[in-house]
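Undergrad: Dumping the structure here so I can ask a few things about it.
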Amino acid sequence: MPSFRTALALGTVLATACLGAVACAPADSTTTGSAGPAAVGDRDAWEGEGYPVTLDVCGVEQTFTEAPERVVVMNGASVAEVSTLLDLGLEDRIVANAQSYGRSEVEGRAEAIDGLPTGDVRRNELHDFPRESMLDLAPDLVLSTTGFGFRSENGFATREELAEAGANTYVPRTGCDERAAVKDPPTIEDSYALLRDLGAVFDVRDRAEQRIEASERHIRKTARAVREAGGKQGGSAADTPDVLVIFANMSMGANQYSSVAARGIWNDVLAKAGGRNAFADASATMFADLSPEQLAAKPVDAVVVVAWQPGDDADAYARELLDTFPQWPAARDDRYTVLSDSLYLGPSNHLAVERVAALLHPEAVR
C-alpha cells in the first residue's frame, strides 16, 4: 500500500494522477505564477515552429534553443509526464525515470515505463532523485509533477541550482499552485496542454496535435452517442447516473473508505461520459474520507474502481463493495468497471471517457 503522500499524489493527477498529481505536498510548496493556457509565450510556442521556444513555467521563463537530450523524470507519484513523453515518441531522450505504475489502459505502456533507464543512482525515501544524484545525472531538462520536486528542504535540487548546471525545468500548469488546483480542478484540457508544451519543447508539435485531435475525436463520438441515446429515451439532468470513484486497497484517512475521489480531473472525465461524481462535493480536497453511513446514504448508480498495482484484485474489491451496499442501484445491476492511469492527467483520458460511458450507457456505447 502506498504511503499517505504517494496515495494523495496518485490523483493528479494526476494523474492525478497526478497521476495528474497536485495534492502531494503542503499548499505553500510550489512556486505560483502565470501558467494558464494563455500564459505569455505558451500559445506562441504551441503554434510556432523551430526554436527558440519560451514557456512560462510556474512564473519562471524557460527558453529552449534545441530539443533536450538528457531528460530526468521525477517521481511525484505520477505517470503523466513519462506517459506523455512516450506518447510523443521521446523515450530515447530519457536518461533517468522515477515514475512507475503497474497498470495501464494502453497496451504495453506499463511495461514500456518499467523498461526505461533509471539512471542507476541513489534514490531517497520518496523513491526520487535527491540533489546530488540529480546533479550527477547532468540533465538538460528535469520534469516534476509539482514544485515539491524542486524544494531544497526536501533534499532536492532547486530550479536555480539546475539552471546553473545547464538544465531547464518543467512543471505542468496543474502543479503550479496546489490550492488553486483543488479549488478549480484540472480538466482534460490540462492533459492537452501538457502534450502541447512538450510538443513545443521537443519540436514535435504536429505529433502532439495529432494525439490531441484523435483524443478529441474519440470523446466527441462518445459524447454524441450518449447524448443521442438520452434524447431518444427522454433523458434529463435528473437521469444522469451518480458514480462513485474509489481507489482500491488504499487508506488515506481515519475511516474505512478514505480513498473516495472528490475533486479532480476524473470529474471532467465522468461528465464527458454522461455521468457525475456522486461525491464531488463531499470534500474540499481531492479525496473524501467517508463513513459507511455516508456512502450508504447515496444512491450510487455505478462504481469506478481505480487500481494501480498489478497484483490488486480490483474485481474482488468492487464486488465486496457492492455486497456491502446492496441498496445501491450499482449493486442491483452489478455495474462497475476498473480503470488505472487513463483517469489521471496524461495523454489517454479519452480511454477513460469511453470505458465509463460504456458502463453508464451501454445502449449507446458498445
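The values are calculated or read from the model by the stated rules, or taken from the named source; none is laboratory data. Treat the numbers as computed from the prediction; the structure is a model and nothing was measured. Neighbour counts run over all protein chains shown; Cβ positions are idealised from the backbone, glycine included. Note: areas computed on protein heavy atoms with side chains; ligands, DNA, RNA excluded. Shrake-Rupley method; radii C 1.70, N 1.55, O 1.52, S 1.80 Å.
Undergrad: Tell me, which residue of the range 293-313 that is within 21 Å of VAL356 (Cβ to Cβ) and more than 26 Å from the chain's Cα centre (by Cα) is surrounded by the fewest Cβ atoms within 10 Å (Cβ to Cβ)?
TA: Here the answer is PRO299.
Undergrad: Within the range 332-354, identify whether any single residue is among the aromatic types (Phe, Trp, Tyr), farther than 28 Å from GLU189 by Cα and open to solvent by less than 20 Å² (accessible area, probe 1.4 Å), and answer yes or no.
TA: no
Undergrad: Say we look at the range 254-292 and pick out the residues that are open to solvent by less than 50 Å² (accessible area, probe 1.4 Å) and among the β-branched types (Val, Ile, Thr); which of these is nearest to ALA357 (Cα to Cα)?
TA: Ranking the candidates gives VAL269 first.
Undergrad: Let me ask something else about it. Conditions: (1) farther than 15 Å from PRO362 by Cα; (2) modelled with pLDDT of 95 or more; (3) not acidic (Asp, Glu). PRO241 meets all but one. Number of the miss?
TA: PRO241 satisfies all of (1) farther than 15 Å from PRO362 by Cα; (2) modelled with pLDDT of 95 or more; (3) not acidic (Asp, Glu) except (1).
Undergrad: Follow-up. Being open to solvent by 10 Å² or more (accessible area, probe 1.4 Å) and either under 24 Å from VAL79 (Cα atoms) or within 24 Å of the chain's Cα centre (by Cα) (or both) is the filter here; which residues of the range 314-331 pass it?
TA: Of everything in the range 314-331, those that are open to solvent by 10 Å² or more (accessible area, probe 1.4 Å) and either under 24 Å from VAL79 (Cα atoms) or within 24 Å of the chain's Cα centre (by Cα) (or both) turn out to be ASP315, TYR317.
Undergrad: Just a yes or no: is a residue in the range 165-184 at pLDDT below 95, part of a helix (DSSP H, G or I), of a type in the set (Val, Ile, Thr) and surrounded by fewer than 22 Cβ atoms within 10 Å (Cβ to Cβ)?
TA: yes
Undergrad: Please tell me if PHE150 is crowded, with 24+ Cβ neighbours inside 10 Å, among the aromatic types (Phe, Trp, Tyr) and over 23 Å from ALA262 (Cβ atoms).
TA: The answer is yes for PHE150.
For every residue, the table says whether it meets (1) closer than 18 Å to ALA167 by Cβ; (2) open to solvent by 40 Å² or more (accessible area, probe 1.4 Å); (3) of a type outside the set (Phe, Trp, Tyr); (4) modelled with pLDDT under 95.
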position	(1), (2), (3), (4)
ARG109	no, no, yes, no
HIS127	no, yes, yes, yes
ASP136	yes, yes, yes, no
VAL142	yes, no, yes, no
